[in-house]
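Reading through the structure tokens given below for one structure.
The values are calculated or read from the model by the stated rules, or taken from the named source; none is laboratory data. Everything numeric in this text was worked out from a predicted model, so none of it was measured. Because the Cβ atoms are built from the backbone with ideal geometry, glycine has one as well, and the counts that use them run over all protein chains shown.
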């Protein structure tokens with residue numbers, strides 16, 4: 001009987017899903033135009049949704065796409081900014097991020113929670129009965145909050161059960177016209193792991209691909225010669241009708257001598273693996289040039305579930321002949337581009353193994369400790385084996401030696417501990433020490449904790465220079481036109497920090513928490529005077545405190561009559 005009931009429930013659930021999955025309404029009541037598509041390549045992650053343009057302005061109404069309930073609300077100065085999650089009866093959850101404000105009922109709920117937690121940043125999980133919604137209900141207004149480069153709505157559809165992200169455009173294909181095929185921009189050829197050579201070198205070969213006047217692609221100019229184990233990469237993007245934006249490419253297929261050896265399909269994103277984009281792409285080239293090449297071979301530590309490949313996409317050039325390759329690119333609408341090129345098999349000396357500081361294996365724990373630096377990279381945090389190189393120099397402007405931690409940029413799948421020994425341990429307050437990352441004359445604060453003459457911090461990539469510095473200066477707090485606060489009903493304060501960055505800011509009025517809002521793109525913290533919490537006709541005392549990453553604290557006090 002239980003099995004029968006389970007079967008009937010499954011049939012019913014499938015029926016509800018099949019009936020409703022194609023009936024999602026648009027989250028906006030304006031024409032849908034994308035500024036970014038699903039799976040687009042981003043630093044350290046795939047774009048997990050689509051970005052919907054909002055005609056260059058904020059405060060466009062945002063609606064629930066189907067029946068359900070608001071299951072999560074997040075507020076943050078960075079990331080998605082203000083974001084709202086609606087769990088639907090279809091077994092899916094929609095997400096709208098970078099919004100400017102919530103619908104009134106939702107806004108009141110969030111504000112109460114922020115005061116309860118005494119924090120502007122909140123991440124709230126809700127029960128189904130708290131904020132149910134119907135299809136078409138107003139839930140928010142579009143904005144530009146968080147890590148957003150302009151007004152738009154970041155829109156996702158996820159499987160509720162495992163929170164994997166799906167391509168929302170699958171459900172709105174008929175609302176957007178796309179007749180333009182993907183573009184080929186460049187080809188790369190990689191000699192692999194000291195087992196191959198390209199043009200008698202261990203370094204990759206890259207060539208731009210140009211478009212001829214007749215619209216066809218020009219061939220690669222050079223007669224590329226290779227030997228041994230190699231991999232191929234492609235630089236590509238896509239376009240759509242009615243807009244000048246560029247997008248990511250959904251499907252990539254690579255053929256060698258007419259045999260398909262590699263394919264990728266970005267139709268689903270697992271957030272636990274999204275950082276593996278750094279293995280899919282040429283991370284070192286991106287770090288130096290800010291240009292993405294996609295690798296058409298699968299490194300051993302890359303577990304993205306988007307591939308099909310023969311021999312993991314690697315090619316063994318072992319004959320003195322021409323190897324013919326062809327890329328086929330395809331977008332969601334079936335628009336295709338094909339590009340053929342060749343590599344000449346030419347016997348040549350494989351570059352000898354380099355002398356490494358330490359040879360690291362992707363599937364083992366890797367620990368280095370010498371010369372005042374220690375580095376611990378756990379099993380699986382590298383995507384491929386590595387010839388690790390370390391260079392130490394002395395610099396009197398720092399409190400340690402300076403360390404160039406590897407000679408190329410290498411991604412790590414998670415944060416790894418790195419310790420640097422002090423050469424000058426002079427600070428009374430040890431919390432003011434921190435590791436900095438050095439790029440020419442610029443520094444960025446990494447931080448860390450002091451213990452026994454060393455600073456230990458966490459890094460997520462190799463290829464940068466590091467040393468120990470101090471931050472002894474507290475944040476600066478500057479009120480913005482206090483004489484206008486009461487008239488405008490808003491208190492505005494500018495807060496900046498010179499080095500370690502702001503760790504926390506908090507305002508109180510008459511000793512009670514005051515909700516100051518902030519966006520990562522601005523140093524301004526603002527509080528809208530709430531007559532429910534600030535009594536009229538009295539003099540009130542504002543205290544605003546800012547603390548940086550080293551614990552240096554500033555306080556601003558001001559009395560005002562409201």
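Could you please find all residues in segment 450-481 being surrounded by fewer than 17 Cβ atoms within 10 Å (Cβ to Cβ), under 15 Å from residue 558 (Cβ atoms) and in contact with a strand residue (DSSP E or B) (Cβ under 6 Å, 6 or more places away or on another chain)?
Correct list: 478, 479, 480.
When residues of segment 253-290 are filtered for being outside any loop (DSSP other than H, G, I, E, B) and more than 20 Å from residue 173 (Cβ to Cβ), how many remain?
Residues that pass the stated criteria total 25.
Would you kindly identify the strands (runs of 3 or more DSSP E) lying entirely within segment 112-202 that contain at least 1 residues that are outside the structural domain of residue 68 (by TED's automatic domain parsing)?
Result: 183-198.
Take the residues in segment 310-356 that are out of contact with any strand residue (DSSP E or B) (no Cβ under 7 Å at 6 or more places or on another chain) and surrounded by 14 or more Cβ atoms within 10 Å (Cβ to Cβ), then tell me which one is nearest to residue 248 (Cα to Cα).
332
Keeping to segment 388-413, report how many residues are surrounded by fewer than 18 Cβ atoms within 10 Å (Cβ to Cβ) and free of Cβ contacts under 8 Å to residues at least 60 places away in the same chain.
8
Is it the case, given these coordinates, that residue 513 is crowded, with 16+ Cβ neighbours inside 10 Å, in contact with a helix residue (DSSP H, G or I) (Cβ under 7 Å, 6 or more places away or on another chain) and farther than 22 Å from residue 146 by Cβ?
yes
Could you grab the pairs with beta carbons closer than 6 Å, sequence gap of 6+ or different chains, first residue in segment 478-498 and in the same structural domain as residue 509 (by TED's automatic domain parsing) and at pLDDT 95 or above, second one surrounded by 14 or more Cβ atoms within 10 Å (Cβ to Cβ) and part of a helix (DSSP H, G or I)?
Listed by first residue and then by second, the contacts come to 491/485.
Counting only residues that are under 13 Å from residue 153 (Cα atoms) and in the same structural domain as residue 162 (by TED's automatic domain parsing), give me the strands (runs of 3 or more DSSP E) lying completely in segment 60-106 with at least 1 of them. Break it down into steps so the answer makes sense when it comes.
On the way: elements: 61-63, 68-75, 82-88, 92-99.
Passing ranges, in order: 61-63, 82-88, 92-99.
For segment 211-222, state whether one or more residues are touching a helix residue (DSSP H, G or I) at 6+ places or on another chain (Cβ under 8 Å) and either free of Cβ contacts under 8 Å to residues at least 60 places away in the same chain or within 24 Å of residue 285 (Cα to Cα) (or both).
Here is the first cut: in segment 211-222, the ones touching a helix residue (DSSP H, G or I) at 6+ places or on another chain (Cβ under 8 Å) are none.
The answer is no, given that none of the residues of segment 211-222 is touching a helix residue (DSSP H, G or I) at 6+ places or on another chain (Cβ under 8 Å) and either free of Cβ contacts under 8 Å to residues at least 60 places away in the same chain or within 24 Å of residue 285 (Cα to Cα) (or both).
For segment 535-562, what are the residues that are crowded, with 17+ Cβ neighbours inside 10 Å and part of a loop (DSSP other than H, G, I, E, B)?
If the condition is that a residue be crowded, with 17+ Cβ neighbours inside 10 Å and part of a loop (DSSP other than H, G, I, E, B), then 549, 550, 552 are the ones that fit.
Since residue 280 meets every condition but one in (1) farther than 18 Å from residue 45 by Cα; (2) surrounded by 22 or more Cβ atoms within 10 Å (Cβ to Cβ), which condition does it not meet?
Of the numbered conditions (1) farther than 18 Å from residue 45 by Cα; (2) surrounded by 22 or more Cβ atoms within 10 Å (Cβ to Cβ), the odd one out for residue 280 is (1).
Suppose the filter is surrounded by fewer than 17 Cβ atoms within 10 Å (Cβ to Cβ) and without any contact (Cβ under 8 Å) to a residue 24 or more places away in the chain; does residue 503 pass it?
no
Any residue in segment 486-497 that is crowded, with 17+ Cβ neighbours inside 10 Å and under 30 Å from residue 288 (Cα atoms)? First the steps, then the outcome.
Step one: of segment 486-497, the residues crowded, with 17+ Cβ neighbours inside 10 Å are 491-493, 495, 497.
Now drop any that are not under 30 Å from residue 288 (Cα atoms), which leaves 497.
Yes, that holds for at least one residue.
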